[in-house]
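Enquirer: This is the structure, below, for whatever I ask next.
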Amino acid sequence: MTADHDPHGPGPTGVVWECAVRLRLLTDSHVGAARAGTGQVAESDVDLRLDRDPRGGAPRLRATTLAGLLRHELLARTADPEGAAALLGSGDAPGAGARSSALDLDDAYAVLPGGGAVSVRVGTRVDPATGSVHPGRMWQWEVLPAGTEFTAHLRLRAADPAGEARLLTLLALAARGLADEGPGIRIGGRTGRGLGAVRATRWAVRRHDLTDEEGWFSYHARDWPTRWREADRALDAADPDADLVGGLRAELNGHGQWATAALLSEAVVVDRRRRAELRLELHVAERLDPVPSGRDPRPATLLIADTPTDTLAGERTTPADRVHRRRPAVTGDGEATPLPVLGDTALFALFKRIGERLVRDAAEHLSGEGTRWPEWHAHWWGGDTGRWPDSRPAPSRIRLRATPTLTGGAPVTTTRLTVDSLFGDAVDGHLFTTELHSGGSAPVVLDVTAPDDAVLGLLALVVRELATVPLDTLGAGAGSGSGRLVATRAVLATHEGDGSPPHEVDLVRALTEPDGPDAATARGWLPELHRQITRAPQAGPDDEGDPS
């Protein structure tokens with residue numbers, strides 16, 4: 001048995017678990033660099049670069065980043081800081097109860113799908129009030145496309161069977177965020193706009209008993225390249241349908257640790273996250289009020305503008321100057337296929353713009369000026385700054401789970417010209433061709449952290465707008481009739497975090513059946529929404545006396 005020399009560590013190490021996991025990006029992701037320039041790539045106009053290995057320049061996911069994501073997921077699911085500290089250590093100063101991590105991780109390097117290259121996207125800042133791009137708020141950033149894979153290597157150290165069972169349970173709970181369909185672990189930036197969705201596709205585990213001579217040599221008598229090669233071969237041979245818990249149990253039973261395997265099987269911890277999810281079906285279509293039963297709404301056109309890929313490559317084979325955005329999406333067979341998207345930043349800005357208009361109008365109608373609706377709205381949807389100069393930007397508590405991809409519909413090519421408003425004739429050289437997307441639908445999921453009745457009431461009103469009132473549009477071409485969306489399905493599910501089944505409310509049925517139970521539930525949320533947005537603003541540090 002080897003001794004752990006860290007006085008604040010987990011104690012003697014009796015067992016070491018080697019775990020390897022293959023992670024696949026389901027949507028685009030940007031794992032940013034700590035510095036603007038890395039020295040491994042040529043200078044260009046890219047403003048935001050990916051984090052890269054300083055030796056070879058390969059994009060990477062740092063071990064510290066993955067450890068922080070696992071810690072956050074474990075805390076959210078269990079509300080147990082002691083358990084998170086036992087697995088991943090604590091951040092206290094040495095000598096003040098600090099604990100080193102029982103879980104060691106290595107940096108994971110990206111393998112791009114199809115041997116492709118890192119793509120460069122043009123980022124824009126959309127003004128939620130107008131739906132247009134802020135002047136000058138454009139930048140270029142590197143993006144890992146959907147289908148990119150990482151292979152992460154983890155090592156878990158335990159002192160005895162009792163501690164082993166507990167640590168394995170904590171690891172399995174933290175890793176649920178890499179396997180669940182719900183709002184799990186997201187990597188990189190702009191995750192609130194649908195980027196960074198990731199899924200664990202394969203697991204490989206191996207147990208080493210360091211109290212046994214054979215187990216000691218099987219772990220220590222190997223160099224690091226050998227360990228990584230063995231883990232890669234184990235991942236290639238692993239069952240893609242097997243999860244982490246199944247692999248851990250099989251390995252424990254193979255070593256005769258039946259009691260520990262039984263404890264791991266019986267360790268069921270309730271997901272403590274209080275959350276809500278709004279599941280929508282949005283059609284690119286003209287609204288019909290009401291939509292006839294059994295018939296799809298009339299298709300409309302949509303343009304989330306993008307540059308043709310052949311133009312980026314230096315060749316011009318597509319006649320269109322602008323095309324509707326297509327992004328690689330991971331399909332059921334695991335392959336990344338370019339599909340038209342409903343948008344990420346623009347779609348989130350649409351929801352935010354509708355919500356802002358609703359609460360502003362309601363607050364002004366109920367109380368006039370001097371209400372706190374901007375502060376309340378920024379609390380849920382995010383804001384650039386607070387009321388005071390030293391306040392930091394507020395994160396969004398309503399998040400788009402993934403970038404929605406459109407199914408159905410077809411591309412439509414249109415040719416337009418610019419007409420001189422004074423003379424009424426065409427302007428020379430202002431002829432352009434656009435490839436729009438017509439029709440189609442996409443499933444959209446919004447996740448809400450720690451919801452209350454007020455934000456649930458706002459989401460019910462947002463659904464009403466999307467299902468009935470044609471006021472807001474998505475993307476470019478709003479003046480020519482593009483960007484119409486209609487919601488044909490909207491189910492709001494709330495999870496209380498106590499293990500009980502989620503409570504679901506059909507918000508579309510609440511509109512079509514105003515005397516039904518769904519409508520009664522939705523109307524019950526509105527008084528709290530009115531109370532929250534009409535309260536007076538909270539007092540600041542200089543509100544007493546002179547505001548300056």
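The values are calculated or read from the model by the stated rules, or taken from the named source; none is laboratory data. Everything numeric here is computed off the predicted structure, so don't read it as measured data. Note: ideal-geometry Cβ built from the backbone for every residue, glycine included; neighbour counts use all protein chains shown. Just the protein is used for accessible areas: all its heavy atoms, side chains included, with ligands, DNA and RNA removed. Shrake-Rupley method; radii C 1.70, N 1.55, O 1.52, S 1.80 Å.
Enquirer: Rounded to the nearest 0.05, what FRET efficiency do Glu364 and Asp241 give with R0 = 56 Å and r taken as the Cβ-Cβ distance? Could you check? Please list the in-between numbers first.
Expert: On the way: r = 55 Å, r/R0 = 0.98.
The pair Glu364/Asp241 has a calculated efficiency of 0.55.
Enquirer: Per the 1.4 Å probe, what fraction of the accessible area of segment 141-226, in percent, lies on carbon and sulfur atoms? Please report the intermediate quantities before stating the final value.
Expert: Numbers: 1530 of 3050 Å².
Summing carbon and sulfur atoms, their accessible area is 50 percent of the total for segment 141-226.
Enquirer: Report in % the part of the accessible area of segment 409-540 that belongs to carbon and sulfur, leaving out ligands and nucleic acids; probe 1.4 Å. Each step should come with its number before you reach the end.
Expert: Values: 3420 of 6380 Å².
That share works out to 54 percent.
Enquirer: So how do 402-408, 106-112, 324-330, 500-506 stack up, highest first, on mean other-Cβ count within 10 Å? Display every interim value, and only then the final one.
Expert: Working: 402-408: 20.1, 106-112: 18.4, 324-330: 22.3, 500-506: 14.1.
Going from most to least packed, we get 324-330, 402-408, 106-112, 500-506.
Enquirer: Stick to Cα atoms and the Kirkwood definition of Rh, then tell me Rg/Rh for segment 437-543. Mind dumping the intermediate values first?
Expert: Working: Rg = 17.1 Å, Rh = 16.2 Å.
With Rh from the inverse mean 1/r over Cα pairs, Rg/Rh is 1.05.
Enquirer: While we're looking at this one, here's another question. Using a 1.4 Å probe and ignoring any ligands, DNA or RNA, find the accessible area of Ile354 and quote it in Å² to the nearest 10.
Expert: 0 Å²
Enquirer: Round to a whole angstrom and tell me the spacing of the C-alpha centers of segment 454-495 and segment 194-251.
Expert: The two parts, judged by their Cα centres, are 46 Å apart.
Enquirer: When only C-alpha pairs under 8 Å and at least 6 residues apart count, what is the relative contact order of segment 157-236, in percent? Before the final figure, lay out the partial values.
Expert: On the way: 42 pairs, mean separation 12.4, N = 80.
Value for segment 157-236: 16 percent.
Enquirer: Quick one: accessible surface of Leu339, probe radius 1.4 Å, all protein chains present, in square angstrom to the nearest 10.
Expert: Per-residue accessible area (Leu339): approximately 50 Å².
Enquirer: Counting only other residues whose beta carbon sits under 11 Å from that of Asp271, what net charge do I get with K and R as +1, D and E as -1? Write out the running numbers ahead of the final one.
Expert: Details: positive: Arg77, Arg176, Arg272, Arg273, Arg274, Arg275; negative: Glu73, Asp180, Glu496, Asp498.
It works out to a net charge of +2.
Enquirer: As an exercise, use a Förster radius of 60 Å and the Cβ-Cβ distance of Asp232 and Phe432 to find the FRET efficiency, rounded to the nearest 0.05.
Expert: Working: r = 49 Å, r/R0 = 0.82.
Using R0 = 60 Å, I get an efficiency of 0.75.
Enquirer: What net charge is computed for the residues neighbouring Trp381, neighbours being all others with C-beta under 11 Å from the C-beta of Trp381, Lys and Arg scored +1, Asp and Glu -1? Can you show the working numbers first?
Expert: Working: positive: Lys352, Arg353, Arg397, Arg399; negative: Glu356.
So the surrounding residues net to +3.
Enquirer: Mean separation of Cα pairs under 8 Å and 6+ residues apart, divided by the residue count of segment 129-202: what relative contact order is that in percent? Mind showing how you got there, number by number?
Expert: Details: 30 pairs, mean separation 10.5, N = 74.
Rounded, it is 14 percent for segment 129-202.
Enquirer: Which net charge results when you count Lys and Arg as +1 and Asp and Glu as -1 among the other residues whose beta-carbon is under 10 Å from that of Ile185?
Expert: Details: positive: Arg176, Arg186, Arg199; negative: Glu73, Asp180.
Counting the neighbours of Ile185, the net charge comes to +1.
Enquirer: Going by average Cβ neighbours within 10 Å, how do the peptides 190-196, 52-58 rank, with the highest at the top? If you can, show how the numbers build up before the last one.
Expert: Values: 190-196: 22.3, 52-58: 12.7.
Sorting 190-196, 52-58 by mean packing, highest first, produces 190-196, 52-58.
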